[in-house]
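Input: a single structure, listed below in structure tokens.
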Amino acid sequence: MTDLSHGKTYPPSPEWQARAWVNPQTSQEMYDASVADPELFWDEHGQRIDWFKPYTRVKNTSFAPGAVSIRWYEDGVTNAAYNCIDRHLETRGDQVAIIWEGDDPSESKHITYQELHDEVCRFANVLRNRNVSKGDRVTIYMPMIPEAAYAMLACARLGAVHSVVFGGFSPDSLAGRIEDCGSRVVITADEGLRGGRKVALKANVDAAIDRLPPGVDVDHVIVVRRTGANVAMDPLRDVWYDAAREMVTAECPCAHVDAEHPLFILYTSGSTGKPKGVLHTTAGYLVYTSITHKYVFDYHDGDIYWCTADVGWVTGHSYILYGPLTNGATTLMFEGVPNYPDMSRFWQVIDKHKVNTFYTAPTALRSLMQAGDAPVKATSRASLRLLGSVGEPINPEAWEWYHRVVGDNRCPIVDTWWQTETGGVLISPLPGATTLKPGSATLPLFGVRPELVDADGKVLEGAAEGNLVIADSWPGQMRTVYGDHQRFMDTYFATYPGKYFSGDGCRRDADGYYWITGRVDDVINVSGHRMGTAEVESALVAHASVSEAAVVGYPHDIKGQGIYAYVTLMSGVEPTETLRKELVGWVRQEIGPIATPDLIQFAPNLPKTRSGKIMRRILRKIAEDDFGALGDTSTLSDPAVVDELVNNRQNKR
Ligand code: WTA
């Protein structure tokens, strides 16, 4: 079996082994204990959070076909905001909780735990005054400003369920998410600011609400002032947050909620249908994000920790907010982008705030790598100790660059594999314990039991390649698809009954290391963002000129995967460059800029089986320029279609 890292390995240095919470031996002992007796292990770690009423039952989970049920610490009572804020006040009231770095390098703020408490209480009171209470869903469509964190934690404080929608999604996408969870309150800002460019958030909210079907109502829109833009305000529905904030106090009690009370919904793309509302609950999620933040990032008191994700994604939820704040950490929140004002921005921010741990995505690294070493070398980065990667497989070249240039050969890299559904990291090195292999997420974390299975569900032993499943529950696991438990069971537990199916392919080498090879379903990963090919297809066919569309991923140097769309036009419509551009703009408008097709090929015919099913395997191969491997085309209703597609393929270079 080929070793993609060319056999290079990086054992933990003696300094790291001495400093870290676990070394090679203790981490192995801890892992063995965690899988030998999960109840005991997770009972011990249930103490990572404070309880209003202690639990007596640790684990009550079943992956049984048709009866999947996941409950952790179920009879305990707690509150997420209490664990992230209040319990730290006595010892860390004056410690910085959030360092906020603005899009403009001249803007930053330091928010202490006491200030965070006061701001979250005020936000919670503003919500309470608008009748938000336990169990209500609140949609948050915000830029990366401290108020986004205040709003999320304010919901948690009241026991309301937040649904954060990434600010890059279109009004249509936002409307779908508001409707699906029935939010009556939306929190937004006048505009967002990224890379010096303004994003019309409030206008998008207005457009989204206009699109809601009759009977679905939003009663309140709370608007945080960010740029000061002059935006339309509906006097009955909309309120400026700064005005509302003046009317309330900085005290608000924490709701007492059950361990399994919903904490948030986060929509994510799957192979079919509309995005799913992934539901996470309170206690297990906090325990899991807290333990993984501590061990994966080897977090110690006083560390300055920076995760560059947006709070619109799960990485922002788990590793900007909930994990770090549960641990009483100082977490950096960045409004901007890696290349503004220039290509050194990340490294300048590291120097400015003396960041020790830096966690980012391979796509950002690949784009920065293209600018050469000089923008990195122009900065010191002396404070850096540990680097992290998330969102997609990191190619060994990007890994080596990250290690050598960004980390000056000094900082271990934790390549963390996980998903929106898993709540926190499942497979990752531990910096004081694991010998690194560039490109491998290495080994499972405590309590995690990965398996590789073949197409028939047979468990593969030793060095093997197959589909990645997880054999038993962990506390951070999603509990259901909001409003559709059947879909939850069908999506994740039906393919390999009794196991959680990740949707990822994976290879395990002779050392037991895991190498994620990418999605095996119809999900593509564009710049670390998940996109369902079906979503892009349905956006395309919604255009009057399009009769049919098939979308696949193809390898892209920067984005990891690009979006390749085969489009069949309505008869009589001419395939022109203008139309091509129009369709690209159309998809951006329907879903959002993250879904922008990179290539559109007009295809008079698509390869179909005799039963009319589009053969995506062939479309994928053509998009990959892999014509030698088209495989068996004899089952096609018209094999000549393939030659036509190959001859007309879009040139990528
Ligand atoms: C991919 C992001 C390889 C994978 C936290 C997964 C990765 C999907 C890695 C989840 C990694 C994430 N190595 N692939 N370290 N991390 N992925 O839900 O395909 O946005 O299924 O969660 O990203 O994406 P999601």
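The values are calculated or read from the model by the stated rules, or taken from the named source; none is laboratory data. Keep in mind that what you see is a predicted model, and the values were worked out from it rather than measured. Note that we place each Cβ from the backbone using ideal geometry, even for glycine, and neighbour counts take in every protein chain shown. To get the accessible areas, we keep the full protein, side chains included, count just its heavy atoms, and leave off ligands, DNA and RNA. Shrake-Rupley method; radii C 1.70, N 1.55, O 1.52, S 1.80 Å.
Here is a check on your reading of the model: is ARG519 among the charged types (D, E, K, R), at pLDDT below 95 and open to solvent by 40 Å² or more (accessible area, probe 1.4 Å)?
Taking the combined requirement at face value, the residue satisfies it.
Are any residues in the stretch 72-90 closer than 29 Å to CYS307 by Cα and either in contact (Cβ under 8 Å) with a residue 40 or more places away in the chain or in contact with a strand residue (DSSP E or B) (Cβ under 6 Å, 6 or more places away or on another chain) (or both), and if so, which ones?
TRP72, TYR73, THR78, ASN79, ALA80, ALA81, TYR82, ASN83, CYS84, ILE85, ASP86, HIS88
Could you tell me whether the stretch 493-501 includes any residue that is part of a loop (DSSP other than H, G, I, E, B), under 30 Å from ILE350 (Cα atoms) and either of a type in the set (D, E, K, R) or more than 16 Å from the ligand (Cβ to nearest atom) (or both)?
no
Table: residues versus (1) open to solvent by 10 Å² or more (accessible area, probe 1.4 Å); (2) modelled with pLDDT of 95 or more; (3) hydrophobic (A, V, I, L, M, F, W, C); (4) part of a strand (DSSP E or B).
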site: ARG122; (1), (2), (3), (4): yes, yes, no, no
site: VAL126; (1), (2), (3), (4): no, yes, yes, no
site: SER183; (1), (2), (3), (4): no, yes, no, no
site: VAL186; (1), (2), (3), (4): no, yes, yes, yes
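Pick from the stretch 404-430 the residues that are more than 11 Å from the ligand (Cβ to nearest atom) and part of a loop (DSSP other than H, G, I, E, B): which of them is surrounded by the fewest Cβ atoms within 10 Å (Cβ to Cβ)?
Going through the qualifying residues, I end up with ASN409.
Do we find a residue being part of a helix (DSSP H, G or I) and open to solvent by less than 10 Å² (accessible area, probe 1.4 Å) anywhere in the stretch 157-171?
yes
Among the numbered conditions (1) over 19 Å from the mean Cα position of the chain (by Cα); (2) open to solvent by 30 Å² or more (accessible area, probe 1.4 Å); (3) within 13 Å of the ligand (Cβ to nearest atom), tell me where THR442 comes up short.
It is condition (2) that THR442 fails.
Is it the case, given these coordinates, that PRO375 is under 19 Å from the mean Cα position of the chain (by Cα), more than 16 Å from the ligand (Cβ to nearest atom), open to solvent by 20 Å² or more (accessible area, probe 1.4 Å) and at negative phi?
No: the conditions fail for PRO375.
Quick grid of which residues meet (1) among the polar types (S, T, N, Q); (2) outside any loop (DSSP other than H, G, I, E, B); (3) touching a residue at least 60 places away in the same chain (Cβ under 8 Å); (4) touching a strand residue (DSSP E or B) at 6+ places or on another chain (Cβ under 6 Å):
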| residue | (1), (2), (3), (4) |
| --- | --- |
| LEU236 | no, no, no, no |
| CYS254 | no, no, yes, no |
| GLU260 | no, no, yes, yes |
| ILE265 | no, yes, yes, yes |
| LYS274 | no, no, yes, no |
| LEU286 | no, yes, yes, no |
| ILE291 | no, yes, yes, no |
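Scan the stretch 527-540 for residues that are under 25 Å from ALA364 (Cβ atoms), aliphatic (A, V, I, L, M) and at pLDDT below 95 and jot them down.
MET531
Per-residue answers, yes or no, for (1) open to solvent by 10 Å² or more (accessible area, probe 1.4 Å); (2) within 16 Å of the ligand (Cβ to nearest atom); (3) charged (D, E, K, R):
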site: ASN467; (1), (2), (3): yes, yes, no
site: TRP515; (1), (2), (3): no, yes, no
site: ASP557; (1), (2), (3): yes, no, yes
site: THR568; (1), (2), (3): yes, no, no
